[in-house]
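The structure appears right after this line, and notes come after that.
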Amino acid sequence: MRKMLLLSAAIALMSSGALAQSTVTTTTGAGRATVQIEPEYRTRIKTYVTEHKVRPVATKEKIVVGGTVPSDVELAAVPSDWGPSLTKYRYVYSGDRVMLVDPGTRTVVQEID
């Protein structure tokens with residue numbers, strides 16, 4: 001029984017290591033959402049911003065992960081081709097960075113530079 005438990009734990013560790021190689025995971029603090037963005041979607045996001053000539057927003061204070069986006073800043077809908085797990089978020093482009101925002105709290109959950 002003990003060998004089976006150790007074997008199961010070893011398999012779980014190996015499989016999570018393989019997943020970590022292909023997915024970027026960011027945790028934005030205790031009790032907050034974890035956002036996973038695969039490298040191919042990061043490329044799509046950067047390409048989208050360039051091709052659609054998204055204008056950056058200007059704010060008095062720098063927009064950072066964990067911070068709140070000011071209420072006067074308009075949040076844009078995330079296109080579906082950015083990945084199905086991201087469509088529940090909104091985004092803002094600021095300072096050559098795309099910031100994913102939780103629309104309910106206006107909290108920045110991920111930075112894509």
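Under a no-solvent Debye model with one identical scatterer per Cα of region 26-112, what's log10 I(q)/I(0) at q = 0.24 Å⁻¹?
-1.33
Be a star and scan region 98-113 for residues whose amide nitrogen sits under 13 Å from the point 7 Å along the Cα-to-Cβ vector of Thr59.
Those under the cut-off are 98-103, 105-112.
Determine, for Arg44, Arg55, the number of other Cβ atoms within 10 Å of each Cβ, and report the residues in order from fewest to most.
Ranked by crowding around the Cβ, least crowded first: Arg55, Arg44.
Would you mind ranking Asp113, Asp102 so that the residue whose beta carbon has the fewest other beta carbons within 10 Å leads the list?
Asp113, Asp102
With 10 angstrom as the radius, rank Glu111, Glu51 by how many other C-beta atoms surround their C-beta, starting from the fewest.
Glu51, Glu111
From the phi angles alone, apply the Karplus equation (6.51, -1.76, 1.60; θ = phi - 60°) to region 45-52 and give each ³J(HN,Hα) in whole Hz, x where the residue is Gly or Pro.
In residue order, the calculated couplings are 5, 4, 5, 4, 4, 6, 5, 8 Hz.
How long are the semi-axes of the equivalent ellipsoid of region 63-105, defined as square roots of 5 times the Cα gyration tensor eigenvalues? Whole Å, largest first.
For region 63-105, the ellipsoid semi-axes come out as 17, 11, 9 Å.
Every number here is computed from the coordinates shown, using simple stated rules; none is lab data. Remember, predicted model here, so these are calculated numbers, not experimental data. Note: ideal-geometry Cβ built from the backbone for every residue, glycine included; neighbour counts use all protein chains shown.
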